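Chemist: Supplied in structure tokens, the structure appears directly below.
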Amino acid sequence: MRIAFALTALALTLVSCGGSSDDDGDNFPFILESADLVADDEFCHVSGTVFNRRNHSCSLAMDFFFSDGFGTIVADAVEFIDGVPRKTRSAYNSTAIESRETGEFLTCDEVAGLDLDVDLSSDCD
């Protein structure tokens, strides 16, 4: 499923995978509620909240891919949230955004003009 999502200074496309139908008939147990670029110790992270819609605990893996105007992935970051309780909101803060070319961590100014795709996968009890 692809969903347009507003992100500070970025265009975000949400791609979800994994997880079976939940109790409400929806395909994916999590809602990505917010995603913002946040500077932490001078490097940039993606920070926000997710909501577990299921009636049981679920874990969530998020892969953030930053691409240029030609669709080439130039940087990425990851986050894993273990055991989000049922019907609960959880905050996240990804690893620092890393350049695929140099391996160096980037500032928010360096990624502000890039597009962002998020790949989500879940594991539920």
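The values are calculated or read from the model by the stated rules, or taken from the named source; none is laboratory data. Note that this is a predicted model, so its numbers are computed, not measured. Here the Cβ is made from the backbone with ideal geometry for all residues, glycine too, and neighbour counts use every protein chain on show.
Chemist: Where in segment 22-103 are the strands (runs of 3 or more DSSP E), entirely inside, with at least 3 residues that are at pLDDT 90 or above, within 23 Å of CYS124 (Cα to Cα) and of a type in the set (Val, Ile, Thr)? So that I can check it myself, show each step before the final result.
Modeler: Details: elements: 30-40, 43-52, 58-67, 73-84, 89-93.
Because the criterion is at least 3 residues that are at pLDDT 90 or above, within 23 Å of CYS124 (Cα to Cα) and of a type in the set (Val, Ile, Thr), the strands (runs of 3 or more DSSP E) in segment 22-103 that meet it are 73-84.
Chemist: Continuing with this model, one more query. Please go through segment 103-119 and pick out each residue that is within 13 Å of ILE73 (Cα to Cα) and β-branched (Val, Ile, Thr).
Modeler: VAL111, VAL118
Chemist: If you take the residues in segment 104-114 that are surrounded by fewer than 17 Cβ atoms within 10 Å (Cβ to Cβ) and at pLDDT below 95, which one is nearest to PHE51 (Cα to Cα)?
Modeler: First, the residues of segment 104-114 that are surrounded by fewer than 17 Cβ atoms within 10 Å (Cβ to Cβ): 104, 107, 109, 112-113.
Next, only the ones that are at pLDDT below 95 stay: 107, 109, 112-113.
On the way: THR107: 28, ASP109: 28, ALA112: 25, GLY113: 27 Å.
This residue is ALA112.
Chemist: Continuing with the same structure: Within segment 62-76, can you find the residues that are in contact (Cβ under 8 Å) with a residue 40 or more places away in the chain and surrounded by 16 or more Cβ atoms within 10 Å (Cβ to Cβ)?
Modeler: Answer for segment 62-76, where residues must be in contact (Cβ under 8 Å) with a residue 40 or more places away in the chain and surrounded by 16 or more Cβ atoms within 10 Å (Cβ to Cβ): MET62, ASP63, PHE64, PHE65, PHE66, SER67, VAL74.
Chemist: Follow-up question, since we're still on this one. Output the residue which, of all residues in segment 77-88 that are surrounded by fewer than 13 Cβ atoms within 10 Å (Cβ to Cβ) and on the phi < 0 side of the Ramachandran plot, is farthest from the chain's Cα centre (by Cα).
Modeler: Among those that are surrounded by fewer than 13 Cβ atoms within 10 Å (Cβ to Cβ) and on the phi < 0 side of the Ramachandran plot, it is PRO85.
Chemist: State all residues of segment 77-91 that are closer than 16 Å to VAL38 by Cβ and of a type in the set (Asp, Glu); if no residue qualifies, say none.
Modeler: If the condition is that a residue be closer than 16 Å to VAL38 by Cβ and of a type in the set (Asp, Glu), then GLU79 is the only one that fits.
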